[in-house]
Amino acid sequence: MEIPQALSDFSFVLVYLVAAALFAVGPLIIAKLIAPRSFGAAREAIYECGMPTIGSAWIQVAVIYYLFALLFLAFDVDVLFLLPVLLAYGKGYVWRDLIEITIFIGILSLVIVYAWRRGVFSWKRKQVNP
């Protein structure tokens, strides 16, 4: 009896799924088998980047940090959108592509100027009274 063509095509998908499952579960099983185990008070302690914790985790962060993070995220995403345009540049309408890139970078420049005028890039330190 011969295997139908559709089943042999699905066998490649099955092999791929099994390999993906092994790559996902394999490191977990290996880590469970060879990882050192610890018990006691040290295991229950709070661990933050290898440093002992000081004070409460609920501190108030200035809004300016969030604005800076949002600006970074916006420019990061904009660069991701700009990369495909630059890779395809020169393969068709060169002047149109140049004008689009110029307008795009001009708008980004206006955003930087606006943020600079609003004081997003100048962080003033708070005076801490011990």
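The values are calculated or read from the model by the stated rules, or taken from the named source; none is laboratory data. None of the values given here were measured: they were computed from a predicted structure. Neighbour counts are summed over all protein chains in view; Cβ atoms, including those assigned to glycine, are modelled from backbone coordinates with ideal geometry.
Take residue 101 and tell me if it is part of a helix (DSSP H, G or I) and closer than 26 Å to residue 120 by Cα. Against the criterion (part of a helix (DSSP H, G or I) and closer than 26 Å to residue 120 by Cα), residue 101 qualifies.
Tell me, which residue of the stretch 67-98 that is of a type in the set (Gly, Ala, Ser) and outside any helix (DSSP H, G or I) is surrounded by the most Cβ atoms within 10 Å (Cβ to Cβ)? Before the answer, list the steps.
Step one: of the stretch 67-98, the residues of a type in the set (Gly, Ala, Ser) are 69, 74, 88, 90, 92.
Checking which are outside any helix (DSSP H, G or I) leaves us with 90, 92.
Working: 90: 10, 92: 8.
Only one residue tops the list, namely 90.
Filtered by the rule that a residue be modelled with pLDDT of 75 or more, over 23 Å from residue 74 (Cβ atoms) and basic (Lys, Arg), the stretch 92-130 gives a lone residue, 96. Any chance you could count how many residues in the stretch 15-42 are at negative phi, over 27 Å from the mean Cα position of the chain (by Cα) and surrounded by fewer than 10 Cβ atoms within 10 Å (Cβ to Cβ)? Number satisfying all stated conditions: 10.
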